[in-house]
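Below is one structure; the comments refer to it alone.
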């Protein structure tokens, strides 16, 4: 009588790998639902890379982690073992029962069904101190920008993103990748480490390479500082832009986005007519400010490094720290 051999390795189930990091009990879980294109789902299945990025994320026992796109909790589980609390958002209702069961087992897990970008992240309790997530490519930029601006206690990002986006976040001036998101990310944060991740680490495989990138917030100015009193913050001796308060960052965001909205045009054209808190810029204002910086009146947005944007805002008399008429106080 022939005895069927027990399948081993990759033969146990489609898409499995020897390095997927699952314990024996976890292999008996129901198959993961198929990925949905509308949610940009590409699930990390390489266990070796999963362990490497958890280590790179450097979550400590005091951290409150925000994870967006938890799926069935493959990244969530090691985060729960390291963090004080983990907030997870999952828009795909097919994972609701799995995450509910995990929350019943782990009291430090708080599950939030729905779209994180439509929620008031500033209302999360306890407040997140770190974002650790495998981000769907279609939400990565708005989520990173939202968490920088709206979550002042969040001090560290450890995110899986499309390689080109990772390059854009910390791109250098006068390069193709340099954009408004580059300026605004670098005004608030410093890059720490980047790990390349191939398409083969995901199911389904994306058509692009990915990067796991970690960066940290630069310390904000303390209340009572010159900037908080309404004065322009000075540049540091090494030429870095000063850390900005939330109001100052919002003001810089408006100015930078206006300029890069027409990045091929010169700044004297793109910023003429810009208005904030009762201040409206003219072409002459912009020309004088560029001259103060030693820049040509034909300068374009991509020519200015992030620290120069703060100096430009000061030279323009752009109201740093003042709320625009269409913004909440």
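Residue 251 meets all of the listed conditions (1) modelled with pLDDT under 90; (2) in contact with a strand residue (DSSP E or B) (Cβ under 8 Å, 6 or more places away or on another chain) but one, namely (1).
If you go through region 80-110 and keep only what is closer than 17 Å to residue 131 by Cβ, in contact (Cβ under 8 Å) with a residue 40 or more places away in the chain and in contact with a helix residue (DSSP H, G or I) (Cβ under 7 Å, 6 or more places away or on another chain), you end up with just 91. Have a look at 173, 61, 142 and point out the one that is in contact (Cβ under 8 Å) with a residue 40 or more places away in the chain and surrounded by fewer than 20 Cβ atoms within 10 Å (Cβ to Cβ). Residue meeting the stated conditions: 173.
Kindly indicate which of 315, 272, 289 is crowded, with 20+ Cβ neighbours inside 10 Å and without any contact (Cβ under 8 Å) to a residue 60 or more places away in the chain. If you could, list the steps in order and put the result at the bottom.
Details: 315 fails: crowded, with 20+ Cβ neighbours inside 10 Å; 272 fails: crowded, with 20+ Cβ neighbours inside 10 Å.
Just one listed residue meets the conditions, 289.
For region 93-110, check the following and say yes or no: at least one residue is closer than 29 Å to residue 263 by Cβ, part of a helix (DSSP H, G or I) and touching a strand residue (DSSP E or B) at 6+ places or on another chain (Cβ under 8 Å). Checked region 93-110: no residue is closer than 29 Å to residue 263 by Cβ, part of a helix (DSSP H, G or I) and touching a strand residue (DSSP E or B) at 6+ places or on another chain (Cβ under 8 Å). Scanning region 122-138 for residues that are in contact with a strand residue (DSSP E or B) (Cβ under 8 Å, 6 or more places away or on another chain) and farther than 16 Å from residue 211 by Cβ gives 124, 126, 127, 128, 129, 130. Does residue 194 fit the bill of being surrounded by 14 or more Cβ atoms within 10 Å (Cβ to Cβ), at pLDDT 95 or above and within 18 Å of residue 71 (Cα to Cα)? So residue 194 fails the test. When 99, 75 are checked against the criterion of being buried (at least 19 other Cβ atoms within 10 Å of the Cβ), over 28 Å from residue 169 (Cα atoms), in the same structural domain as residue 207 (by TED's automatic domain parsing) and over 15 Å from the mean Cα position of the chain (by Cα), a single residue qualifies: 99.
On the basis of being in contact with a helix residue (DSSP H, G or I) (Cβ under 9 Å, 6 or more places away or on another chain), surrounded by fewer than 22 Cβ atoms within 10 Å (Cβ to Cβ) and more than 30 Å from residue 320 (Cα to Cα), does residue 136 make the cut? The answer is yes for residue 136.
The values are calculated or read from the model by the stated rules, or taken from the named source; none is laboratory data. Predicted model, so just to flag it, every value in this text is computed and none were measured. Positions of Cβ are generated from backbone atoms using ideal geometry, with glycine treated the same way; all protein chains shown enter the neighbour counts.
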